[in-house]
Structures are given as C-alpha cells and as structure tokens.
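Report on the following structure.
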Amino acid sequence: MSILNDTTLSEEKSAAKKAARIKFLNKVIADEIVKSWNQGWDMIWDDANPQAVLDALGEDAAEVFEINEHTVAFMVGVLGGRRQAELDAILAKVAAKPETSTDENGNVTII
C-alpha cells in the first residue's frame, strides 16, 4: 500500500492535529500583534525626534492613534491574566506617552 493512500489517520487524530494547530495559530496572533504594536510604538516614541515622525505621518497620525487605542483595548482583553507581564509593559509605555493634541485635519503635535 502506498503512503499516499494511507487511511490510518483517524478522525480523532485529525481532530487532535486541528486542535494543536488552532492553539498554535491563536498564540501566533497574539505574538504578532504584540510584536507589531511594539515596533510601531517604538518607531515614534523611541525616535530622537518623535515629532518629526508624527509630522511625516501628517493627517494619518490621528488614525494611527485611533487604531492604537483599539489595539491596546484588544490586547487588554486578550493578554490580561494570560500574559500579564507583557500587557503591563505595554500599558507602562502607554502611560509614559507624552501629551499630544490632534488638529481637525488629523495632525498630531506633542504638547
């Protein structure tokens, strides 16, 4: 019998493989969101001149900030009690953010 025609893989084993893959994918989602959020945040706030980065974002800066707020809220729900140390580090970064203002066009200025 060819290995290409092997029918010994039962539904139970298939279900177990799917379950393992689902768990893996959920972890990867969290990993990637945390990684991407940290990269984006640090590109602004760890820059020698964060205002220059905000200026380069121009009218898109307000949307970036809005998406950031939604992403942080999502991470609070997902990471809270599961990966609390990572969440605490993220929330500490957010708390340390300088005060900003947003004009009617979406430009963000550090106050």
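Just so it is clear, none of the values below were taken in a lab; they were calculated from the coordinates. A quick note: this is a predicted structure, and the numbers were derived from the prediction, not measured. Positions of Cβ are backbone-derived with ideal geometry, glycine not excepted, and every protein chain shown enters the neighbour counts.
Filtering the stretch 45-59 for residues that are free of Cβ contacts under 8 Å to residues at least 12 places away in the same chain, exposed (fewer than 10 other Cβ atoms within 10 Å of the Cβ), of a type in the set (S, T, N, Q) and in contact with a Ser or Thr (Cβ under 9 Å, 6 or more places away or on another chain) leaves an empty set. Scanning the stretch 65-81 for residues that are in contact with a helix residue (DSSP H, G or I) (Cβ under 9 Å, 6 or more places away or on another chain) and in contact (Cβ under 8 Å) with a residue 24 or more places away in the chain gives Asn68, Thr71, Val72, Phe74, Met75, Val78, Leu79. Selection within the stretch 60-106: residues that are of a type outside the set (Val, Ile, Thr) and in contact with a strand residue (DSSP E or B) (Cβ under 9 Å, 6 or more places away or on another chain). The member of this set that is farthest from Ile29 (Cα to Cα) is Asp103.
Might you check whether a residue that is outside any helix (DSSP H, G or I) and among the hydrophobic types (A, V, I, L, M, F, W, C) occurs anywhere in the stretch 1-13? Quick ask: steps written out before the conclusion?
First, pick out the residues of the stretch 1-13 that are outside any helix (DSSP H, G or I): 1-2, 6-10.
Filter once more, so that each one left must be among the hydrophobic types (A, V, I, L, M, F, W, C): 1, 9.
Taking every residue of the stretch 1-13 in turn, at least one turns out to be outside any helix (DSSP H, G or I) and among the hydrophobic types (A, V, I, L, M, F, W, C).
Restricting attention to the stretch 30-43, which residues are surrounded by 11 or more Cβ atoms within 10 Å (Cβ to Cβ) and without any contact (Cβ under 8 Å) to a residue 12 or more places away in the chain? Correct list: Asp31, Ser36, Asp42, Met43.
For first residues located in the stretch 88-108 and on the phi > 0 side of the Ramachandran plot, partners that are small (Gly, Ala, Ser) and surrounded by 10 or more Cβ atoms within 10 Å (Cβ to Cβ) and lie 6+ apart or on another chain with Cβ distances below 9 Å form the pairs Gly106/Gly58; Gly106/Ala61; Gly106/Ala62. Per the conditions (1) exposed (fewer than 15 other Cβ atoms within 10 Å of the Cβ); (2) within 17 Å of Asp46 (Cβ to Cβ); (3) more than 15 Å from the chain's Cα centre (by Cα), the sole criterion not satisfied by Ala89 is (3).
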